[in-house]
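Notes follow the structure.
The values are calculated or read from the model by the stated rules, or taken from the named source; none is laboratory data. Remember, it's a predicted structure, so these values are computed and weren't measured experimentally. We place every Cβ from the backbone using ideal geometry, glycine too, and count neighbours over all the protein chains shown.
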Amino acid sequence: MQSLMTLTQLRHFVALADIGSFAQTAKAVFLTQPALTRSIAALEEELGGRLFDRVGRRITLTPFGQEVLERAQRLVRDAQTLKTLRSGLQSGMTGHLRLGLGSGPGALFSHRLLRHMALHHPQLRLYLSRGNTEVLLQGLKAQRIDAALVDIRAMRPSTDFEVCEIFELEAGFMVRPGHPLLARTCVSLDDICAYPVGSTPLSDEVARLLMARYGPQANPDDMVTVRSDETSHIAELARDTDTVVLSILAAAPDLLPLVVQPALDATARFGLVTLAQREPAPALRIVREQLPGWIAEVSG
């Protein structure tokens, strides 16, 4: 009788693709090496093609194996989600949540999120990752994180992701109290560029907006002299120097916005991003429930 593939075989395949060694994978999944070899061979026979090229002790995924891997990872992950879904949906108080935060959301919500979980869900394991939008979306696609709160203007169009909880926050140029530019009724971009300009990496959409307002000299590649993926780093620099910061105003409420002519009239747009057609982590509902209140706090 022809055998049918099992979830266990798929787990073996995913583990072998990740580790890259039959001997090490056999130890990791608590099998003998011959038993692991038989499991992979049975899966290859069922699927009708080789999953790995074997050259000596080295193995690499075949093109067919690369195609199968993404689907196998999805099945294995969904199976694990099924085991924890009932209890997670009932309470949201146990399990884990791996959340990525972009620069702006990280500066605004990291402390609020950590504090809420520590006070109200102490048994939940929370793992925060920080990075720019591209890095976090790569982590989301590779299933290293469950969701990401990022600048959605920096996202490329993709059917891989779903975006919800979209919100906008006002952005502008800011300086420390006592900065020389505050003595002026309004300032121009030339006035601003007489000082160092700091910012996180800006999306193409924001770059086009800047150049539409102020001309080619506002191209961030030329205008911005100090960049960091962390908004908090740029804000701290502005507190200690005459650096002008271009950021969301709520990220540094102790800094003062400049009156610029013409006015920038810009907002940053953020959203909570998950993988499309994937059951979300049960604990993610806690973030979705709390986020509107946190946004109202920073917006006020």
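At a glance:
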item: Pair list, Cβ < 7 Å and 6+ apart or interchain, from segment 105-134 residues that are part of a helix (DSSP H, G or I) to residues that are among the charged types (D, E, K, R); result: 106/130; 133/151
item: Failed condition for residue 202, given (1) assigned by TED's automatic domain parsing to the domain that holds residue 120; (2) at pLDDT below 90; result: (1)
item: Selection count, segment 152-194, where residues are farther than 14 Å from residue 271 by Cβ, hydrophobic (A, V, I, L, M, F, W, C) and not in a loop (DSSP other than H, G, I, E, B); result: 11
item: Residue 140 out of contact with any helix residue (DSSP H, G or I) (no Cβ under 7 Å at 6 or more places or on another chain) and touching a residue at least 12 places away in the same chain (Cβ under 8 Å); result: yes
item: Residue match in segment 2-11 (condition: under 22 Å from residue 82 (Cβ atoms), assigned to a helix (DSSP H, G or I) and polar (S, T, N, Q)); result: yes
item: Among (1) over 29 Å from residue 146 (Cβ atoms); (2) out of contact with any strand residue (DSSP E or B) (no Cβ under 9 Å at 6 or more places or on another chain) - the single one residue 53 does not satisfy; result: (2)
item: Residue ID - nearest to residue 109 (Cα to Cα), chosen from residues in segment 156-188 that are out of contact with any strand residue (DSSP E or B) (no Cβ under 7 Å at 6 or more places or on another chain) and of a type outside the set (S, T, N, Q); result: 176
item: Failed condition for residue 233, given (1) at pLDDT 95 or above; (2) under 23 Å from residue 133 (Cα atoms); result: (1)
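Conditions tested, residue by residue: (1) touching a residue at least 60 places away in the same chain (Cβ under 8 Å); (2) surrounded by 12 or more Cβ atoms within 10 Å (Cβ to Cβ).
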| site | (1), (2) |
| --- | --- |
| 38 | no, yes |
| 42 | no, yes |
| 48 | no, no |
| 52 | no, yes |
| 60 | no, yes |
| 64 | no, yes |
| 71 | no, no |
| 74 | yes, yes |
| 78 | yes, yes |
